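The values are calculated or read from the model by the stated rules, or taken from the named source; none is laboratory data. Keep in mind it's a predicted model, so treat the numbers as computed, not measured. Note: ideal-geometry Cβ built from the backbone for every residue, glycine included; neighbour counts use all protein chains shown. These area figures cover heavy atoms from the full protein model, side chains too; ligands, DNA and RNA do not enter into them. Shrake-Rupley method; radii C 1.70, N 1.55, O 1.52, S 1.80 Å.
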Amino acid sequence: MQPVKVFLVDDQQLVRAGFRMVIDSQPDLEVVGEAGDGDAALHALAVTAADVVLMDVRMPVLDGVEATRRLRTRDDAPKVIVLTTFDLDEYAFAAIKAGASGFLLKDAPPPTLLDAVRTVHSGDAVVAPSTTRRLLERFAGHLPEDATPPDAVWAELTQREHEIVREVVRGRSNAEIAATLFVTEATVKTHIGRVLAKVGLRDRVQLVVLAYETGLVRPGAS
């Protein structure tokens, strides 16, 4: 199997060097390029094939939010994992909405970084479900006041699909959802695929965002 191709975008050279060292130590991963800002990344990725991009948010010239938005409009665009400091980075929620497949704390231990790259490449957009929910709750004040009524968005979902969505929003993995609902992981994956198709979304992260935006769930709700 070909290694997963990873592209690094961060304005700190030492950070990029650290990520490169960790990623290149794995036989199934390889760094294929790097850039110091979003604009340089977009130019490089126009001629460099990558599967996953590790994208810092706070950068000069072009920040990670706008770079992610532009990148995700391209055909066969790579998946994007946003790098955030969490406590300081108010742009992480916007980056997820711009098309990022997940996010990762910049001080995450190496095994977490490696698992995140592999998880996103495999198609599971939620890198760290519990962290996803904490971030959404932290930025709940950014959600629109005039949210679309839930029924208008979710009307086509079956009762089982509603249950699946609520479990996804709780930050549970496919295995955890399967155990809770007494079904197989394959069944959960099938249901999630159908839900995404019905509401016109790309991945689980967007599903969580939409659930909050439409009022299907509220920050702090169990």
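Before moving on, here are some points about what is shown:
- The range 140-214: C-alpha gyration tensor shape, a/c 1.5 cut-off, then a/b vs b/c: prolate
- Per residue, the range 4-127 exposes an accessible area of 44 Å² to a 1.4 Å probe, with every protein chain left in place.
- What the phi angles of the range 25-42 give under the Karplus curve with 6.51, -1.76 and 1.60, with θ = phi - 60°, is a coupling list of 6, 9, x, 9, 10, 8, 7, 9, x, 7, 8, x, 7, x, 5, 4, 5, 4 Hz, glycine and proline written as x.
- Under 26 Å of direct C-alpha separation, and excluding same-chain neighbours fewer than eight residues apart, Lys189 reaches these lysines: Lys5, Lys79, Lys97, Lys198.
- For the range 55-65, backbone phi angles converted through the Karplus equation (6.51, -1.76, 1.60; θ = phi - 60°) give residue-by-residue couplings of 10, 5, 8, 8, 9, x, 6, 9, 6, x, 5 Hz, Gly and Pro being listed as x.
- Coupling constants for the range 158-164 follow from the phi torsions by the Karplus curve (6.51 cos²θ - 1.76 cosθ + 1.60, θ = phi - 60°), and in residue order they are 7, 4, 5, 5, 4, 4, 4 Hz; glycine and proline get x.
- Taking amide H as placed 1.01 Å from N in the peptide plane, the amide H of Val31 sits under 5 Å from that of Val6, Asp24, each at least 5 places away or on another chain.
- Shown for the range 140-214: the carbon plus sulfur share of the solvent-accessible area, taken with all protein chains present and a 1.4 angstrom probe, equals 51%.
- For Val53, the residues whose modelled amide H falls within less than 5 Å of its own, excluding neighbours fewer than 5 places apart on the same chain, are Phe7, Lys79, Val80, Ile81.
- Entry comment: accessible area of the range 140-214 is 53 Å² per residue, from protein heavy atoms only and a probe of 1.4 Å.
- Rounded if a/c under 1.5, otherwise prolate or oblate - the range 4-127, Cα gyration tensor axes: rounded
- With the simple model of a label 7 Å out from the Cα in the direction of the Cβ, Arg118 to Glu163 spans 3.1 nm.
- The share of accessible area on the range 4-127 that comes from carbon and sulfur is 53 percent, using a 1.4 angstrom probe.
- From most to least packed by mean Cβ count within 10 Å, the peptides 201-213, 180-192 give 201-213, 180-192.
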